[in-house]
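Undergrad: Here it is, the structure in full.
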């Protein structure tokens, strides 16, 4: 089977990681073609048999909506049409709004593409993703054209229930095999860790503020933040303002995240919203005691049973986060319980199980 997957880029990111994991698994038995909108380097190791194309179209427009419309431009539509017509895929998967819009515009207006089933995968909180009125309008007009939808959470699926009349399914993310391992059972390091882009969505300021309170009682603890993003210098300045430069560290990107977080006392996700957070899934699978905001669109809530395999705190609630971190540091019995129970989840995230769910759904769509 020829599977064409369209996504913005293959740089480090949650949706991109899922595409890389699925593509590598599918490549064992199928022909996989990746088409990105942007020209950036592929930052994931891909099977040598996977073909990668780019629709790169340089634009200086800075407005978010202008950038989106530019990427859906006639030039990019024509490039995409030529790739599809040349490859003749059996099914097309669209990840994220912009690639999905392009695919569905082509499906609506190009005769040769109408017969190819298109499955759209929603990867983030749709209330945020489609907040813009114009983007929301485009979504309402185009999404009903697709043959199938894959969601990460039930909450995301519910958002579209009045719009869609096609097959839909909720499938969790797969994680890389390196995270499917036994938990660390020794004495944990005196550090709190988090992983994510340095963006407003991830709300690292909340975690830094909370850690400021932790540091007063536990000055020997440190906070390590892994990831890059446009808020790097703002966060650096905030750390200085809070007088935490000696204990809060922006560690940037790393290719060995497992080793960096494996022995940590706790992993904390402070996001304002998420789809199905990969970093949280990886930490859970490793058996790192996890704390997460109970953020929309429900990913952490679907992963964590509160005080059983992790701790959920109210969105943007610094006091609750401080209390949860104290609890994990001071209550060794709870720390071990969270570690054991979360590590027991690791089999649920196996790429083989998740990819098989995808493949089964793809075959159902094709047989319709």
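The values are calculated or read from the model by the stated rules, or taken from the named source; none is laboratory data. Keep in mind the model is a prediction, meaning the values are calculated, not measured. When we count neighbours, we look across all protein chains shown, and the Cβ atoms used for this are built from the backbone with ideal geometry, even at glycine.
Undergrad: Out of 207, 198, I need the residue that is crowded, with 16+ Cβ neighbours inside 10 Å, over 18 Å from residue 339 (Cα atoms), assigned by TED's automatic domain parsing to the domain that holds residue 276 and over 19 Å from the mean Cα position of the chain (by Cα). Which one? Please lay out each step first, then the result.
TA: Numbers: 198 fails: over 19 Å from the mean Cα position of the chain (by Cα).
Exactly one of 207, 198 is crowded, with 16+ Cβ neighbours inside 10 Å, over 18 Å from residue 339 (Cα atoms), assigned by TED's automatic domain parsing to the domain that holds residue 276 and over 19 Å from the mean Cα position of the chain (by Cα), namely 207.
Undergrad: Check residue 153 against each of (1) in contact with a strand residue (DSSP E or B) (Cβ under 9 Å, 6 or more places away or on another chain); (2) touching a residue at least 12 places away in the same chain (Cβ under 8 Å); (3) surrounded by fewer than 20 Cβ atoms within 10 Å (Cβ to Cβ) and name the one condition it does not meet.
TA: The single condition residue 153 does not satisfy is (3).
Undergrad: Here's something else I'd like to know. For a quick check of your reading of the model, give me the residue pairs whose first member lies in segment 127-144 and is more than 24 Å from residue 298 (Cα to Cα), whose second is in a loop (DSSP other than H, G, I, E, B), with beta-carbon atoms closer than 9 Å and at least 6 apart or on different chains.
TA: Here the result reads 138/72; 138/130, each pair linking segment 127-144 to a residue that is in a loop (DSSP other than H, G, I, E, B).
Undergrad: Output the residue which, of all residues in segment 210-226 that are crowded, with 16+ Cβ neighbours inside 10 Å and touching a residue at least 60 places away in the same chain (Cβ under 8 Å), is farthest from the chain's Cα centre (by Cα). Give the derivation first.
TA: Of the residues in segment 210-226, the ones crowded, with 16+ Cβ neighbours inside 10 Å are 210-215, 218, 221-226.
Then keep just the ones that are touching a residue at least 60 places away in the same chain (Cβ under 8 Å); that gives 210-211, 213-214, 218, 221.
Numbers: 210: 24, 211: 25, 213: 29, 214: 28, 218: 32, 221: 28 Å.
Result: 218.
Undergrad: Sort through 362, 354, 329 and tell me the only one that's buried (at least 17 other Cβ atoms within 10 Å of the Cβ), part of a helix (DSSP H, G or I) and in the same structural domain as residue 216 (by TED's automatic domain parsing). Give the derivation first.
TA: Numbers: 362 fails: in the same structural domain as residue 216 (by TED's automatic domain parsing); 354 fails: in the same structural domain as residue 216 (by TED's automatic domain parsing).
Unique residue meeting the criteria: 329.
Undergrad: Restricting attention to segment 10-23, which residues are surrounded by fewer than 21 Cβ atoms within 10 Å (Cβ to Cβ) and free of Cβ contacts under 8 Å to residues at least 60 places away in the same chain?
TA: Selection gives 11 alone.
Undergrad: Still on this structure: Among the residues of segment 326-357, count how many are over 16 Å from residue 180 (Cβ atoms) and within 19 Å of the chain's Cα centre (by Cα).
TA: 1
Undergrad: Could you tell me which numbered condition residue 139 fails, if it satisfies all but one of (1) surrounded by 14 or more Cβ atoms within 10 Å (Cβ to Cβ); (2) modelled with pLDDT under 95?
TA: The one condition residue 139 does not meet is (2).
Undergrad: Somewhere in segment 237-246, is a residue farther than 19 Å from residue 173 by Cβ, in contact (Cβ under 8 Å) with a residue 40 or more places away in the chain, in the same structural domain as residue 209 (by TED's automatic domain parsing) and touching a helix residue (DSSP H, G or I) at 6+ places or on another chain (Cβ under 8 Å)?
TA: At the first step, the residues of segment 237-246 found to be farther than 19 Å from residue 173 by Cβ are 237-246.
Then drop every residue that is not in contact (Cβ under 8 Å) with a residue 40 or more places away in the chain, which leaves none.
Taking every residue of segment 237-246 in turn, none turns out to be farther than 19 Å from residue 173 by Cβ, in contact (Cβ under 8 Å) with a residue 40 or more places away in the chain, in the same structural domain as residue 209 (by TED's automatic domain parsing) and touching a helix residue (DSSP H, G or I) at 6+ places or on another chain (Cβ under 8 Å).
Undergrad: Now for a separate question. Return the residues of segment 254-293 that are in a helix (DSSP H, G or I) and free of Cβ contacts under 8 Å to residues at least 12 places away in the same chain; say none if nothing qualifies.
TA: Once the filter is applied, which keeps residues that are in a helix (DSSP H, G or I) and free of Cβ contacts under 8 Å to residues at least 12 places away in the same chain, segment 254-293 yields only 259.
Undergrad: Continuing with this model, one more query. Please go through segment 294-325 and pick out each residue that is surrounded by fewer than 24 Cβ atoms within 10 Å (Cβ to Cβ), touching a residue at least 60 places away in the same chain (Cβ under 8 Å) and not in a helix (DSSP H, G or I).
TA: Across segment 294-325, the qualifying residues are 296, 298, 316.
Undergrad: Tell me, please, whether a residue that is touching a residue at least 24 places away in the same chain (Cβ under 8 Å), surrounded by 16 or more Cβ atoms within 10 Å (Cβ to Cβ), under 20 Å from the mean Cα position of the chain (by Cα) and in a helix (DSSP H, G or I) can be found in segment 71-93.
TA: No, because not a single residue in segment 71-93 is touching a residue at least 24 places away in the same chain (Cβ under 8 Å), surrounded by 16 or more Cβ atoms within 10 Å (Cβ to Cβ), under 20 Å from the mean Cα position of the chain (by Cα) and in a helix (DSSP H, G or I).
Undergrad: Ok, one more. Taking the conditions exactly as written (modelled with pLDDT of 95 or more and surrounded by fewer than 16 Cβ atoms within 10 Å (Cβ to Cβ)), does residue 144 satisfy them or not?
TA: yes
Undergrad: I need the full set of residues from segment 106-126 which are assigned to a helix (DSSP H, G or I), in contact (Cβ under 8 Å) with a residue 24 or more places away in the chain and over 21 Å from residue 168 (Cβ atoms), in order please.
TA: Scanning segment 106-126 gives 106, 112, 113.
Undergrad: Suppose we filter 51, 28 for residues that are modelled with pLDDT of 90 or more, surrounded by fewer than 17 Cβ atoms within 10 Å (Cβ to Cβ) and closer than 15 Å to residue 174 by Cβ; which single one remains?
TA: Matching residue, one of 51, 28: 28.
Undergrad: If only one of 317, 278 is over 25 Å from residue 213 (Cα atoms) and assigned by TED's automatic domain parsing to the domain that holds residue 213, which one is it?
TA: Just one listed residue meets the conditions, 278.
Undergrad: Could you figure out which of (1) touching a strand residue (DSSP E or B) at 6+ places or on another chain (Cβ under 8 Å); (2) modelled with pLDDT under 95; (3) under 25 Å from residue 313 (Cα atoms) isn't true of residue 164?
TA: Just one mismatch for residue 164, condition (3).
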